[in-house]
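The values are calculated or read from the model by the stated rules, or taken from the named source; none is laboratory data. Please read these numbers as outputs of a predicted model, since none were measured by experiment. Cβ placement follows ideal geometry from the backbone for every residue including glycine, while neighbour counts extend to all protein chains displayed. Each accessible area value is taken on the protein alone, full model and side chains, heavy atoms only, with ligands, DNA and RNA left out. Shrake-Rupley method; radii C 1.70, N 1.55, O 1.52, S 1.80 Å.
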Amino acid sequence: MVSLKNISKSYGDKRILDDVSVDFPRGKITSLIGGNGTGKSTLLSIVSRLIPKDKGDVFIIDENITNLDSKELAKKLSILKQSNHSSIRLTIRELVCFGRFPYTRGKRLCNQDCRIVREAIEYMSLEEIQDSYIDELSGGQKQRAFLAMVIAQDTDYILLDEPLNNLDMKHSVQIMKILRKLAKDLNKTIIIIVHDINFASCYSDYIATVKNGKISHFGTTDEIIQTDVLKDVFDIDFEIMQVNGNKICLYFV
Amino acid sequence: MTRFILISCIVVCSIFSLLIGVKDISVFNILKLGQEEVMILFVSRIPRIISLIVAGVGMSISGMIMQQITLNKFVSPTTAGSLDAAKLGILIATILLPNTDSLYKMLFAFAFTVIASLIFMRFVNRIKKKSIIFVPLVGIMFGSVLSAISTFFAYKNNIVQNMETWLIGDFSSILKGNYELIYVSLPFVLITYLYANKFTVIGLGEDFSTSLGLNYNRIVALGLVCVSLTVSSIMITAGAIPFLGLIIPNIVSFIFGDNLKKTLPYTAMIGALFLILCDIISRLIIFPYEIPIGLTVGVIGGAIFLLLILKRGRYAT
């Protein structure tokens, strides 16, 4: 379980997160939804110690992450951010190998590391292009390569900041199915920011809505995908339909 | 295989370089050299080839490390103000301690280069839109400001001409006894090799590095210290060698990628080879006189660099 207790963060006068407390259940997929600039990314970055918090604590199981060594935390928790400015020229395989960095600390990969790297590449169906340079890939292939790297990092907690960005429908569905599998088979705890409400609805166990720097609602997918809740979060009208046991939201007109 | 070819090329070019010069030394009477020839070899030509190799390796690797740290392929000691900072350091040392020896001048150059690198990194972090052209442009402007400060102090102390000579790389005055400081850069080349994987991770960006449990700031600091010491030691012995740190890492990245553990040996070897070749050209083109190697590297490097920009434009996003 990842627990946030009274997290606050401001940039200058602008309050991004305001006394946020929430528990993300273990072995489940939790989606963070909300409008642009509500503080979702900041929240994930604070949980993964990428940016410092002003106030509050983050606990993994019962350990406060400020007490954890960054090297140890890298074996427990990984994050993939949406923006990636790097133009580094690595092959997909080399990149995925660096997912093992927390375990090898830059030394040679052992047989077990190589096996995990191979599996991660297979998981994302990248075998055929594993020797291509990532700066020559399409947006979707690149995203899958970085996800393979995160999978190779083999952490119990995986945070993903808009992993469906740049992906076409086929690959978006593929990624979400893989995340489902990771949660179900390997008991991974996945926290994911998604903008497409229907991906959140169809694939997550829990949903947290973020508004004005606070978690405005938190509950099971069924509890959150309700017209009144969504209207409160996004300020637009939703129509919700049941399709094969999934709730599909219509909001286009 | 590629490594073997590169090493062979370096050996052949080095031997050729040993044999050219005003004093004719032929490969056929290498076994019956007179006392004078032996002296020329050991006092002038062997130190020269050694410093060429060390400078070639050092400048290329420094460029590569700087590019990893700034996530920008066009940043190098030339385009980040490092060379100008080193020059300013040497100048200040010369003014404050006129009779001091090279070691102290180098330490001054080192201190100034480290400070300049830190300031440059602050600039880079402040830039919101990290355009591939804008970052080196800021570096060049920063270098010009440092250079202007140097010129001001040099003018006040009537040593403008002296100072200009440091700025132009030149291996013709390298003699036994005055070049040994260049060896200072060797341990740092070794360190970069040992830390190659960590420098590669740095090249993925700060977020990735932190997520992988790497102490980002510590590795960046280590990189900056290594680069500054290497650049200073080369600057004090041979002068500034522009462009080398820019083109060699780019050529290597283009062909072999950015996995430093794999590519660092190539960067080192191609850098050394390129510098030896430029030196040979500089010595032959108006034989028996020489043109400064900085000029040759600038002309050839500039041309290659232009080609690279045109080629890169095709696949860079």
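Would you say B:Thr296 is farther than 29 Å from B:Ser102 by Cα, open to solvent by less than 20 Å² (accessible area, probe 1.4 Å) and within 19 Å of the chain's Cα centre (by Cα)? Against the criterion (farther than 29 Å from B:Ser102 by Cα, open to solvent by less than 20 Å² (accessible area, probe 1.4 Å) and within 19 Å of the chain's Cα centre (by Cα)), B:Thr296 does not qualify. Residues that are within 9 Å of another protein chain (Cβ to nearest Cβ) and in contact (Cβ under 8 Å) with a residue 60 or more places away in the chain within the stretch A:77-93 comprise A:Leu77, A:Ser78, A:Ile79, A:Leu80, A:Lys81, A:Asn84, listed in sequence order.
Kindly indicate the residue of the stretch A:99-114 that is more than 7 Å from every other protein chain (Cβ to nearest Cβ) and buried (at least 22 other Cβ atoms within 10 Å of the Cβ) and also farthest from the chain's Cα centre (by Cα) among those meeting that condition. Restricting to residues being more than 7 Å from every other protein chain (Cβ to nearest Cβ) and buried (at least 22 other Cβ atoms within 10 Å of the Cβ), the top hit is A:Arg100. In summary, A:Gly139 fulfils each of the numbered conditions (1) away from chain B (no Cβ under 12 Å); (2) out of contact with any Gly (no Cβ under 6 Å at 6 or more places or on another chain); (3) open to solvent by 10 Å² or more (accessible area, probe 1.4 Å) with the single exception of condition (1).
Could you say whether any residue in the stretch A:46-61 is touching a strand residue (DSSP E or B) at 6+ places or on another chain (Cβ under 8 Å) and within 22 Å of A:Ile197 (Cα to Cα)? No, because not a single residue in the stretch A:46-61 is touching a strand residue (DSSP E or B) at 6+ places or on another chain (Cβ under 8 Å) and within 22 Å of A:Ile197 (Cα to Cα).
Looking at A:Lys76, A:Lys81, just one residue is within 26 Å of B:Ser253 (Cα to Cα) and out of contact with any Lys or Arg (no Cβ under 7 Å at 6 or more places or on another chain), and that residue is A:Lys81.
Among the numbered conditions (1) closer than 16 Å to A:Gly34 by Cα; (2) modelled with pLDDT of 90 or more, the only one that A:Asn212 does not meet is (2).
Within the stretch A:33-49, the residues that satisfy the criterion of being open to solvent by less than 30 Å² (accessible area, probe 1.4 Å) and in a loop (DSSP other than H, G, I, E, B) are A:Gly34, A:Gly35, A:Thr38, A:Gly39, A:Ser48. Residue check: is B:Ile248 touching a residue at least 60 places away in the same chain (Cβ under 8 Å), out of contact with any Asp or Glu (no Cβ under 6 Å at 6 or more places or on another chain) and under 28 Å from A:Phe101 (Cβ atoms)? For B:Ile248, the condition - touching a residue at least 60 places away in the same chain (Cβ under 8 Å), out of contact with any Asp or Glu (no Cβ under 6 Å at 6 or more places or on another chain) and under 28 Å from A:Phe101 (Cβ atoms) - is met. Yes or no: the stretch B:2-10 includes at least one residue that is away from chain A (no Cβ under 14 Å) and crowded, with 24+ Cβ neighbours inside 10 Å. No, the stretch B:2-10 contains no residue that is away from chain A (no Cβ under 14 Å) and crowded, with 24+ Cβ neighbours inside 10 Å. Could you list, in sequence order, all residues of the stretch A:56-76 that are in contact (Cβ under 8 Å) with a residue 40 or more places away in the chain, more than 8 Å from chain B (Cβ to nearest Cβ) and in contact with a Leu (Cβ under 9 Å, 6 or more places away or on another chain)? Passing the criteria: A:Gly56, A:Asp57, A:Val58, A:Phe59, A:Ile60, A:Lys76. Listed conditions (1) open to solvent by less than 50 Å² (accessible area, probe 1.4 Å); (2) farther than 30 Å from B:Ile65 by Cα are all met by A:Ala74, apart from (2). The lone criterion from (1) free of Cβ contacts under 8 Å to residues at least 12 places away in the same chain; (2) closer than 29 Å to B:Ala221 by Cβ left unmet by B:Thr113 is number (1).
Any residue at all in the stretch B:126-137 that's at pLDDT 90 or above, under 19 Å from the mean Cα position of the chain (by Cα) and open to solvent by less than 80 Å² (accessible area, probe 1.4 Å)? No: zero hits. Would you say A:Leu73 is over 23 Å from A:Val58 (Cβ atoms) and among the hydrophobic types (A, V, I, L, M, F, W, C)? No: the conditions fail for A:Leu73. The helices (runs of 4 or more DSSP H) found wholly in the stretch A:170-253 and carrying at least 1 residues that are within 30 Å of A:Met124 (Cα to Cα) occupy A:197-203, A:221-224. Outside any helix (DSSP H, G or I), within 22 Å of the chain's Cα centre (by Cα) and surrounded by 20 or more Cβ atoms within 10 Å (Cβ to Cβ), is that true of A:Thr30? Against the criterion (outside any helix (DSSP H, G or I), within 22 Å of the chain's Cα centre (by Cα) and surrounded by 20 or more Cβ atoms within 10 Å (Cβ to Cβ)), A:Thr30 qualifies. Checked against (1) acidic (Asp, Glu); (2) surrounded by fewer than 19 Cβ atoms within 10 Å (Cβ to Cβ); (3) more than 13 Å from the chain's Cα centre (by Cα), A:Asp156 passes all but a single condition, namely (3).
Does A:Thr221 qualify as being within 30 Å of A:Arg93 (Cα to Cα) and touching a residue at least 24 places away in the same chain (Cβ under 8 Å)? Considered against the rule, which asks whether it is within 30 Å of A:Arg93 (Cα to Cα) and touching a residue at least 24 places away in the same chain (Cβ under 8 Å), A:Thr221 comes out as no.
A single entry from B:Leu190, B:Leu229, B:Leu222, B:Leu175 fulfils the requirement of being over 21 Å from B:Ser44 (Cβ atoms) and either more than 19 Å from the chain's Cα centre (by Cα) or surrounded by fewer than 18 Cβ atoms within 10 Å (Cβ to Cβ) (or both): B:Leu190. Of A:Val117, A:Val150, A:Val96, all but one fail to be part of a helix (DSSP H, G or I), at the interface with another protein chain (Cβ under 9 Å from one of its Cβ atoms) and at pLDDT 90 or above; the exception is A:Val150. When A:Asp18, A:Asp23 are checked against the criterion of being in contact (Cβ under 8 Å) with a residue 24 or more places away in the chain, under 23 Å from A:Phe218 (Cβ atoms) and among the acidic types (Asp, Glu), A:Asp18 stands alone in meeting it. If the condition is being over 20 Å from B:Ile15 (Cα atoms), within 18 Å of the chain's Cα centre (by Cα) and open to solvent by 10 Å² or more (accessible area, probe 1.4 Å), then the stretch B:242-293 contributes B:Pro242, B:Phe243, B:Ile251, B:Pro265, B:Tyr266, B:Pro292.
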